[in-house]
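Novice: Input: one structure, supplied below.
The values are calculated or read from the model by the stated rules, or taken from the named source; none is laboratory data. A quick note: this is a predicted structure, and the numbers were derived from the prediction, not measured. In this analysis, Cβ positions are derived from the backbone assuming ideal geometry, glycine residues included, and neighbour counts consider all displayed protein chains. Note: areas computed on protein heavy atoms with side chains; ligands, DNA, RNA excluded. Shrake-Rupley method; radii C 1.70, N 1.55, O 1.52, S 1.80 Å.
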Amino acid sequence: MSIKKLLRNNIAQLLSLTGLTSPARSGRGRLSIATFHRVLTEAERQVYPLPGLCITPEELDALLAYFAEHFDCGTLATQHERYLGGEITTRPLLAITFDDAQHDNYFNARPLLAKHQVKASFFVPVEAVEQQEPLWHDRLGFAILALLNQADGGREKLTRILDSAGLSASRDDGLVGSIIEASKKLPLQTRLGLIERLVVASGTAQVPAFARLMTFSEIAELVRDGHEIGSHSMTHCLMPECDDETLMYELADSRRILQSHLGQRIESFCYPNGNSDIRTGEAVARAGYLRAVTTTWGNNGKNGDRFQLRRYNMDARRVFDSNGKLMPAILAFRMSGLFPV
């Protein structure tokens, strides 16, 4: 363990003993929102290109147990309305959210939510679900992994293609994640072209079955369970790069299609990749949503922008020890407002 991490853990333990980071104290009078993405087995996480987006069912079980003990948990729509309405609760309010409508959320997270009697919000990229097309970052990530695993010059092919797009493959630690992050800065058509070239070069790498999206029938089952469904756009685009017409397609059409499929009002939106600006926030409101969440770290006060709600991303690498045990003091520290972001 590094000196920095050891110091951080000791500080977390000390703050926990003083009660300064307890959820009852740090979350009082605030709305907290937890973010999850994929819920994969350890074997699946080992071959997924973005392991930082994954938690295992065992890790989710531990986190939900912690949240159910220390917070009043529910969907984003329910908790946001309760919070704005000034409802007095014995425990601080926490909304549970899952991004991207991955099938593992249905298969692995759904039974654990039922076990802990917790309702959650699931954000759906509508066009991807309709077409059962993997999200662009999954296609890119699996193509990169396939090239890195090729014995016949895959690394060289990857380097050449990335160089042509002005990107680098020189970093070994977190290589896939770093390439995906860098690609987000490319113009849309350049990024899409890069993905297609890498997929072809990799031998048309296939996204494995475990990484598929939910179907609308599975999403409807979540609704029947009492969970909330929100929009995650049509195509999981980066919203600020869209022109006004495309923006309304991503926002209004995704909402309309979800409402048609599910027969219920869609009130919540989640910005893909957390990217938003003043223009996109105003467009979300015009499209009929009542709230939107970002990936900005932190909790929310009553004077905050309802279309720029902050969340806490649940990264298992940060809050579980090497034996797979949850470290409550670290989690509380990270969600306390005292943790240096």
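Novice: Suppose a student asked you for the relative contact order of the range 126-208, using Cα pairs under 8 Å spaced at least 6 residues apart; what percent would you report? Write down the numbers at each step before the final one.
Specialist: Numbers: 70 pairs, mean separation 35.6, N = 83.
Relative CO of the range 126-208 lands at 43 percent.
Novice: Residue farthest toward the positive end of the dipole of the range 267-313, with Cβ of Lys/Arg at +1 and Asp/Glu at -1: which of 284, 313, 272?
Specialist: 313
Novice: Counting other Cβ atoms within 10 Å, keep those with at most 14, restrict to DSSP loop, and tell me which trypsin sites (Lys or Arg not before Pro) in the range 69-120 are left.
Specialist: none
Novice: Shifting gears a bit: Could you give me the ³J(HN,Hα) list for the range 241-255, computed from phi with Karplus coefficients 6.51, -1.76, 1.60 and θ = phi - 60°, whole Hz, x at Gly and Pro?
Specialist: Once rounded to whole Hz, the list reads 7, 7, 6, 4, 5, 5, 4, 6, 4, 5, 8, 6, 5, 4, 5.
Novice: List the lysines whose Cα sits under 24 Å from the Cα of residue 157, skipping any in the same chain fewer than 8 residues away.
Specialist: 184, 185
Novice: OK, next. How do 112, 7 rank by accessible surface area computed with a 1.4 Å probe, from largest to smallest?
Specialist: 7, 112
Novice: Per 0.36 nm of contour for each residue apart, how much would the distance between residue 168 and residue 14 grow if the chain were fully extended, relative to their Cα-Cα spacing?
Specialist: Extending this stretch completely gives an extra 51.2 nm.
Novice: Per residue, how much accessible area does the range 205-250 have with a 1.4 Å probe, in Å²? Show your work: numbers first, answer last.
Specialist: Values: 1820 Å² over 46 residues.
So the range 205-250 comes to 40 Å² accessible per residue, rounded to a whole number.
Novice: Tell me the relative contact order for the chain as a rounded percent, counting alpha carbon contacts under 8 Å between residues six or more apart.
Specialist: Working: 581 pairs, mean separation 77.2, N = 341.
Here the relative contact order equals 23 percent.
Novice: Same structure, new question: Of 223, 179, 329, which is farthest on the positive side of the dipole of the chain, counting Cα position, with +1 on Lys and Arg Cβ, -1 on Asp and Glu Cβ, and the Cα centre as origin?
Specialist: Value: 329.
Novice: While we're on this one: Run the helix sum for the chain: -39,500 (n - 2.57) per DSSP H stretch of 4+ residues, divided by residue count, reported at 222 nm to the nearest 500 deg cm²/dmol.
Specialist: Using -39500 (n - 2.57) per qualifying helix, the result is -12500 deg cm²/dmol.
Novice: Are there trypsin sites (Lys or Arg not before Pro) in the range 1-31 that DSSP marks as loop and that have at most 12 other Cβ atoms within 10 Å, and which are they?
Specialist: Filter output for the range 1-31: 28.
Novice: Just to verify a number: FRET efficiency for residue 285 and residue 318, C-beta to C-beta distance, R0 = 30 Å, to 0.05? Walk me through the numbers on the way to the answer.
Specialist: Numbers: r = 33 Å, r/R0 = 1.11.
The calculated FRET efficiency here is 0.35.
Novice: Follow-up question, since we're still on this one. What distance in nm lies between label points placed 7 Å from Cα along the C-beta direction at residue 275 and residue 46?
Specialist: 3.4 nm
Novice: Run the numbers for residue 25 and residue 130: contour at 0.36 nm per residue of separation, minus the present Cα-Cα distance, in nm.
Specialist: Values: separation 105, 0.36 × 105 = 37.80 nm, distance 4.34 nm.
Answer, rounded to one decimal: 33.5 nm.
Novice: Give the shape of the range 239-283 as rounded, prolate or oblate, defined through the alpha-carbon gyration tensor: a ≥ b ≥ c are the square roots of its eigenvalues, a/c under 1.5 means rounded, and otherwise the shape is prolate if a/b is larger than b/c and oblate if not.
Specialist: prolate
Novice: In addition: Run through the range 10-89 and list the GluC sites (Glu not before Pro) located in a DSSP loop whose Cβ has at most 16 other Cβ atoms within 10 Å. Mind dumping the intermediate values first?
Specialist: On the way: sites: 42, 44, 58, 59, 69, 81, 87; in loops: 87.
Loop-located and lightly packed - 87.
Novice: I would also like to ask the following. Under a plain spin-label model, where a point goes 7 Å from the Cα along Cα-to-Cβ, how far apart in nm are residue 69 and residue 148?
Specialist: If labels sit at residue 69 and residue 148, their model points lie 3.6 nm apart.
Novice: Using θ = phi - 60° and the Karplus curve 6.51 cos²θ - 1.76 cosθ + 1.60, what whole-Hz ³J(HN,Hα) does each residue of the range 300-317 get, with Gly and Pro shown as x?
Specialist: The phi angles translate into 10, x, 5, 8, x, 6, 5, 9, 9, 5, 8, 9, 10, 6, 8, 9, 4, 5 Hz.
Novice: Moving on. Can you tell me what share of the DSSP beta bridges in the chain is antiparallel? A percent to the nearest 5 is fine.
Specialist: 10 percent
Novice: Name the residue from 3, 108, 75 whose Cα lies farthest towards the positive end of the charge dipole of the chain, charges +1 on Cβ of Lys and Arg and -1 on Cβ of Asp and Glu.
Specialist: Highest projection toward the positive end goes to 3.
Novice: Nothing charged except the Cβ atoms of Lys and Arg (+1) and of Asp and Glu (-1): what's the magnitude of the dipole of the chain about its Cα centre? Round to the nearest 20 debye.
Specialist: Charge dipole of the chain: 1140 debye, to the nearest 20.
Novice: Less than 20 Å apart at the alpha-carbon level, and either on another chain or at least 8 residues along: which aspartates and glutamates does that give for residue 325?
Specialist: Output for residue 325: 42, 44, 58, 59, 61, 69, 315.
Novice: Just to be sure I understand the model, the point goes 7 Å from the Cα along the line to the Cβ. What's the resulting residue 4 to residue 217 distance in nm?
Specialist: Going from the residue 4 label point to the residue 217 one covers 4.9 nm.
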